[in-house]
Amino acid sequence: MSEIIAIYPGSFDPLTNGHVDIIQRGSRLFDRIVVGVLINQEKAPLFTVPERVEIARTVFRGWSNVEVDTFDGLLVEYARSKHASVIVRGLRAISDFEFEMQMALMNRRLNPEVETVFMMPAEPYTYVSSRLVKEVVALGGSVTGLVPGVVEDRLREKTLARETMKA
Ligand code: PNS
């Protein structure tokens, strides 16, 4: 039987422990999981795409079936180029569902051979999002335990750099 390759796409600005939890689950379920960092046109990302890739590669160093890559354009075309038959998305709460269902059905219409699989993160991460992590850090709060250590370090560096620029 051929191997099952899954893509886990996202912005990962920054990677959270919720993402890590889903990738860990995916790495157990599929032969290979490709973390696809979207090269998007977002106006003010906190981390550049190369920074996000470097962070994810640091976190998943030594995980033999996890690959970190970038993509732009249509996700289903990227999946095709990676010979992936599965798109993995995390579902935290009902509030995620509407947008995720729209994306899954649009992707199915674009390529019916690629199946979207939703996975739930462990309960402690059900409220964690990259957006809230950035907000909490910008306002001086702690995100210890919600993001990998390397992300916490990089967030601290960014905050210090911004404060130095303001001073
Ligand atoms: O982490 P995010 O920001 O929720 O991830 C969103 C992502 C990357 C999954 C989504 O924006 C995406 O798939 N973009 C690629 C463009 C695309 O294929 N659009 C049409 C399908 S809905």
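No lab work stands behind these numbers, since they all come straight from the coordinates. If you're wondering where the values come from, they're calculated on a predicted model, not measured in any experiment. For neighbour counting, all protein chains shown are included, and Cβ atoms are generated from backbone atoms with ideal geometry for every residue, glycine included.
Here are some notes:
- Under 18 Å from the Glu113 label point (7 Å along Cα→beta-carbon), backbone N, the stretch 1-20: 1-7
- Subtracting the Cα-Cα distance of Ser129 and Leu105 from their residue separation scaled by 0.36 nm leaves 6.3 nm.
- For Lys158, a cut-off of 23 angstrom between C-alpha atoms picks up these lysines, skipping any fewer than 8 places away in its own chain: Lys43, Lys134, Lys166.
- Between Ala93 and Met165, the contour length at 0.36 nm per residue exceeds the alpha carbon distance by 22.1 nm.
- For the chain: relative contact order, % (alpha-carbon pairs under 8 angstrom, 6 or more apart): 28 percent
- Gyration tensor (alpha-carbon) shape descriptor, the stretch 13-122, a/c threshold 1.5: rounded
- Under-5 Å amide H pairs with Ile4, H placed in peptide plane, nonlocal only: Asp31, Arg32
- With the simple model of a label 7 Å out from the Cα in the direction of the Cβ, Arg28 to Glu54 spans 3.2 nm.
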